[in-house]
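**Student:** Have a look at this one.
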2 protein chains.
Amino acid sequence: MGVTIHDVARAAGVSVASASRALSGRRKVTAEVAERVTRAATELGYRPNAIAKALRDQTTGTIGMIVPGIGNPFFTTIVESVEHQLQETGHDLLLCASLYTPEIEARRLNTLLARRVDGLIISPCDFEASAPAVLNAARQVPLVQVDRYIEGGGADWVGVDDDSALAQAVDHVVAGGARSVVFVSSRLMNSSARLRLAGFQLATARAGIASLPPLLGEFTLAWGFEAGQALLAGDALPDAVVCGNDEIAVGLLRALRLGGVRVPEEISVVGFDDVGHAAMCDPPLTTVRQPVEEMAAEAVRLLNQVRVGDPRPAQRIAIAPRLVVRQTSRPVTRGVVTAGAGGTMTGDGQEDKETT
Amino acid sequence: MGVTIHDVARAAGVSVASASRALSGRRKVTAEVAERVTRAATELGYRPNAIAKALRDQTTGTIGMIVPGIGNPFFTTIVESVEHQLQETGHDLLLCASLYTPEIEARRLNTLLARRVDGLIISPCDFEASAPAVLNAARQVPLVQVDRYIEGGGADWVGVDDDSALAQAVDHVVAGGARSVVFVSSRLMNSSARLRLAGFQLATARAGIASLPPLLGEFTLAWGFEAGQALLAGDALPDAVVCGNDEIAVGLLRALRLGGVRVPEEISVVGFDDVGHAAMCDPPLTTVRQPVEEMAAEAVRLLNQVRVGDPRPAQRIAIAPRLVVRQTSRPVTRGVVTAGAGGTMTGDGQEDKETT
DNA sequence: GGGGGGTTGGTAATCGATTACCAATGTCCG
DNA sequence: CGGACATTGGTAATCGATTACCAACCCCCC
């Protein structure tokens, strides 16, 4: 630790300016000087201090990202995609989890701002409570919301078109013969839960079928399991269940199986996200695939085009998802067959039937 | 952006020194000055520049962490635990993924060192190829390995006692009547794969039962599925399968189910890690639980006690895990019954039978 | 041989927070 | 009232890399 460019310059017998120039190549130096400097640098094991560079350049080369939790596989795939996209621009990612708590989220925002990240990508955990801190941050640094967003539309957003998603899900189970559908999702503290419920109600109304009261809890396996037990305890099962995410769907499937209900013969189940293990549960899950890589690419693109203080109106980009039909939904009744046994192992969906 | 302590000092009508002292409280100032400075700071929205502070203090308040991938739920729980532990010391986490590639890992190490992290926690992806970069990093900054480690023992490590883990797994299936056991795991490019295979062979030898040739691929669902199909295609199924992690076990269970094999009646399956969904697969998975929170606490403790350049010998801390018996393994034949139907939803194992 | 034009090297300022050191002011007591 | 001492405020150096600005030098051609 602690070999600076001064040490390199001294060892090479030149000034710090020459050493800096030789190493960065921003201005020409004699071949001789370049040679001596680079050799001195490697010999001493010189590693430029990114902190000093950041202070001088007023740019850190880092993007901060805050998601509610990395235990949720949907968020981990988003994070991976964003990281992948940032490679292109040479930025590093500072990742934080808000643990679904607005206070922790606000604290994380503050430390990231203090560390002078060049931009922020956030999925705010709460529709209302997250708003002040997010808007404040957006005033200081380019900020893009992904997946979830805050009320009031004060900041850019990239996400999925939930109306389209739920229309596809509902239309699919209706085409399979369902006449009563229940929606199992999270309570409405975040935008995703709100939009998806709204999309569901719109879709059932348009399809002219019974939309039973939604079951709202959390986006977790445990809640899906609990909701499944609640359905079993009710008078009659609905023809189909549409879930707010795949975790819920998997928990629900498990409850149904333990209750002796056959899926999809007695009831269809549709998930949301298409996380990695959706294809590996039993039976393989019919679900709406989020266009995660596109969302990440769009978020990074937006981030680079945002200029703080520019009074450009906030943008909302909703990308249309695709339904991936596997085996938890009844085949459509008009002669089209469902996918063969086994589903896919690759998870890239090539072996799955998909809507076009 | 850009309100500095100079601006605050000017607004408060004092010098920068007084402003700094009033805000940090490191030296006494008049109540009057303190009052004026804090008011000026809040009015201007002053946010101290962590970059400048880091440069001056020669400490960033950040710990870098590198794991092979955050798609693997085991690593995400480790990350969450480490983050949780770091809260105590007020450090922030800079998280990176090596994507199971030594070159990317080395690059990540370099950028984290350039950013002058105060310490590094790493799970090196490759037993051999990761070694040079990790050892080099350990020379510059306190470094602790978690879970995986590199050859040669040049850096501290915290992990699970794989010998104990596999002894428990093997003894358990043997107690259930198994006489032939096959080990399905990853190829031996990382220490976990090596130690677990060694532990497995030791345990089967001691139990005096047939250890069939291991099936080695990757720590993924897909490989578990493939290995399951390979077993089905063989002459006779073994009595039991012990897996290198839970992903493999879940994939394998799925292959066995599709092949019409009943678990645990015809074959016992034991996983490794006890990730969140192990209790939610079907049937709920018997597995060895990694003491993740303890490992994280131990890693952070070690990190704080490491002094660079101190010629203290590298430490290895192996924490004993616990077998969590659920329903993929046959009950032991000596009158002890297995856990009831359903498993647990909480994932904290309270409803699971555990070895003591 | 000398001046013009071009190139390369060095000096010092800059980024923002902290703090060693010094100066000034106030307090208290003889 | 004066001196000893305590307390508080200010000035300037520091951390390390970058670069504006200036000086020195070289080459070439008249």
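Please treat every number below as a calculation from the coordinates, not as lab data. All values derive from a computational prediction rather than experimental measurement. Glycine also receives a Cβ, built like all others from the backbone with ideal geometry; neighbour counts cover every protein chain displayed.
**Student:** Specify the inter-centroid distance of region B:204-256 and region B:310-327, based on alpha-carbon positions, in whole Å.
**Tutor:** Centre-to-centre (Cα) distance: 24 Å.
**Student:** Label position 7 Å from Cα toward Cβ: report the copy-to-copy distances for B:GLY259 in nm, one decimal, ordered from shortest.
**Tutor:** Here B:GLY259 shows inter-copy label distances of 3.3 nm.
**Student:** Okay, moving on. Using R₀ = 35 Å, calculate the FRET efficiency as 1/(1 + (r/R₀)^6) where r is the Cβ-Cβ separation of A:GLN201 and A:GLU293; round to 0.05.
**Tutor:** Working: r = 30 Å, r/R0 = 0.84.
The formula returns an efficiency of 0.75 here.
**Student:** Right, something else. For chain A, with a Gaussian network of springs between Cα atoms less than 10 Å apart, report the residue from A:THR38, A:THR101, A:THR328 with the top mean-square fluctuation.
**Tutor:** A:THR38
**Student:** With a sphere of radius 13 Å drawn around the Cβ of B:ARG36, what net charge do the other residues whose Cβ falls strictly inside it have (Lys, Arg +1; Asp, Glu -1)? Each step should come with its number before you reach the end.
**Tutor:** Working: positive: B:ARG10, B:ARG21, B:ARG39; negative: B:GLU32, B:GLU35, B:GLU43.
Counting the neighbours of B:ARG36, the net charge comes to 0.
**Student:** Where both partners of a DSSP beta bridge lie in chain A, what percent of those bridges are antiparallel, to the nearest 5?
**Tutor:** Working: 5 of 41 bridges.
Just about 10 percent of them are antiparallel.
**Student:** Here is a follow-up. A:LYS53: which aspartates and glutamates have alpha carbons under 16 Å from its alpha carbon, excluding same-chain residues fewer than 8 sequence positions away?
**Tutor:** Qualifying aspartates and glutamates at Cα under 16 Å: A:ASP92, A:ASP118, B:ASP57.
**Student:** In addition: Relative to the other copies, what are the label-point distances for B:LEU212, with labels 7 Å from Cα along the C-beta vector, expressed in nm at one decimal and sorted shortest first?
**Tutor:** 4.4
**Student:** For chain A, compute Rh as the Kirkwood radius over C-alpha pairs and then the Stokes-Einstein diffusion coefficient at 10 °C and 1.306 mPa s; write the answer in µm²/s, rounded to an integer. Write out the running numbers ahead of the final one.
**Tutor:** Details: Rh = 22.7 Å.
Using the Kirkwood radius from Cα pairs, D works out to 70 µm²/s.
**Student:** Another one. Mind listing which trypsin sites (Lys or Arg not before Pro) in region B:23-85 are in a DSSP loop and have 14 or fewer other Cβ atoms within 10 Å? Spell out each step's value before the answer.
**Tutor:** On the way: sites: B:ARG26, B:ARG27, B:LYS28, B:ARG36, B:ARG39, B:LYS53, B:ARG56; in loops: B:ARG26, B:ARG27, B:LYS28.
Counting only loop positions with at most 14 other Cβ atoms within 10 Å, the trypsin sites (Lys or Arg not before Pro) in region B:23-85 are B:ARG26, B:ARG27, B:LYS28.
**Student:** For chain A, modelled as a GNM with alpha-carbon contacts under 10 angstrom, which of A:ILE121, A:ILE51, A:ILE63 fluctuates the most?
**Tutor:** Per the Cα network of chain A with a 10 Å cutoff, A:ILE51 tops the list.
**Student:** Right, here's the next one. Show log10 I(q)/I(0) for region A:126-186 at q = 0.25 Å⁻¹, two decimals, from a solvent-free Debye sum over equal Cα scatterers.
**Tutor:** Reported log10 I(q)/I(0), two decimals: -1.02.
**Student:** A further question follows. So how tilted is helix B:31-44 from the main axis of chain B? Cα-based, degrees 0 to 90, rounded to 10.
**Tutor:** For B:31-44 against chain B, the angle is about 60 degrees.
**Student:** What angle, in degrees between 0 and 90 and rounded to the nearest 10, separates the Cα long axis of helix A:102-114 from the longest principal axis of the Cα atoms of chain A?
**Tutor:** The answer is roughly 20 degrees.
**Student:** Considering only the label points, 7 Å along Cα→Cβ from Cα, what distances in nm to one decimal separate A:GLY152 from the same position in each other copy, shortest first?
**Tutor:** Between copies, matching label points for A:GLY152 lie 5.5 nm apart.
**Student:** Same structure again: By the scheme Lys and Arg +1, Asp and Glu -1, what is the net charge of all other residues having a beta-carbon under 10 Å from that of B:GLY271?
**Tutor:** Details: positive: B:ARG289, B:ARG326; negative: B:ASP246, B:GLU247, B:ASP273, B:ASP274.
With Lys, Arg at +1 and Asp, Glu at -1, the neighbours total -2.
**Student:** Quick one: check the C-alpha center-to-center distance for region B:1-79 versus region A:167-183, whole angstrom.
**Tutor:** Taking the Cα centre of each part, region B:1-79 and region A:167-183 sit 54 Å apart.
**Student:** Could you identify which residue out of B:MET65, B:MET189, B:MET295 has the top mean-square fluctuation in a GNM of chain B using Cα springs shorter than 10 Å?
**Tutor:** Of B:MET65, B:MET189, B:MET295, the Gaussian network model singles out B:MET189 as fluctuating most.
**Student:** A further question on this structure: Once each part is reduced to its C-alpha centroid, what is the distance from region B:83-124 to region A:84-108 in angstrom?
**Tutor:** Result: 14 Å between the Cα centres.
**Student:** Counting only DSSP beta bridges with both residues in region B:225-340, what percent are antiparallel, rounded to the nearest 5? Intermediate results must be reported in sequence, preceding the final value.
**Tutor:** Values: 3 of 10 bridges.
Beta bridges within region B:225-340, antiparallel portion: roughly 30 percent.
**Student:** Still on this structure, please answer the following. Evaluate the relative contact order of region B:166-318 (contact order divided by residue number), counting alpha-carbon pairs under 8 angstrom at least 6 apart; express in whole percent. Numbers along the way, then the final one.
**Tutor:** Details: 231 pairs, mean separation 31.1, N = 153.
Reported as a whole number, the value is 20 percent.
**Student:** Here's another thing I want to ask about it. Output the relative contact order of chain A, whole-number percent, from Cα pairs under 8 angstrom with separation of 6+ residues. Mind dumping the intermediate values first?
**Tutor:** Working: 704 pairs, mean separation 51.7, N = 356.
Relative CO of chain A lands at 15 percent.
**Student:** Hey, which residue of B has the C-beta nearest the axis mapping B onto A, and what's the distance in Å?
**Tutor:** Whole-Å result, nearest residue of chain B to the axis: B:LEU95, 2.
**Student:** For region A:254-302, what's the relative contact order in percent, using C-alpha pairs closer than 8 Å and at least 6 residues apart?
**Tutor:** Values: 34 pairs, mean separation 13.2, N = 49.
Answer for region A:254-302 is 27 percent.
**Student:** Starting from the Kirkwood radius over alpha-carbon pairs of region A:22-144, derive D by Stokes-Einstein at 37 °C in a medium of 0.692 mPa s and give it in µm² s⁻¹.
**Tutor:** Translational D for this selection: 197 µm²/s.
**Student:** How much mean residue ellipticity at 222 nm does chain B get from its helices, if each DSSP H run of length 4 or more adds -39500 (n - 2.57) and you divide by all residues, to the nearest 500 deg cm²/dmol? Could the numbers behind the result be given before it?
**Tutor:** Working: 12 runs with 148 residues, N = 356.
After summing the helix terms and dividing by the residues of chain B, the value is -13000 deg cm²/dmol.
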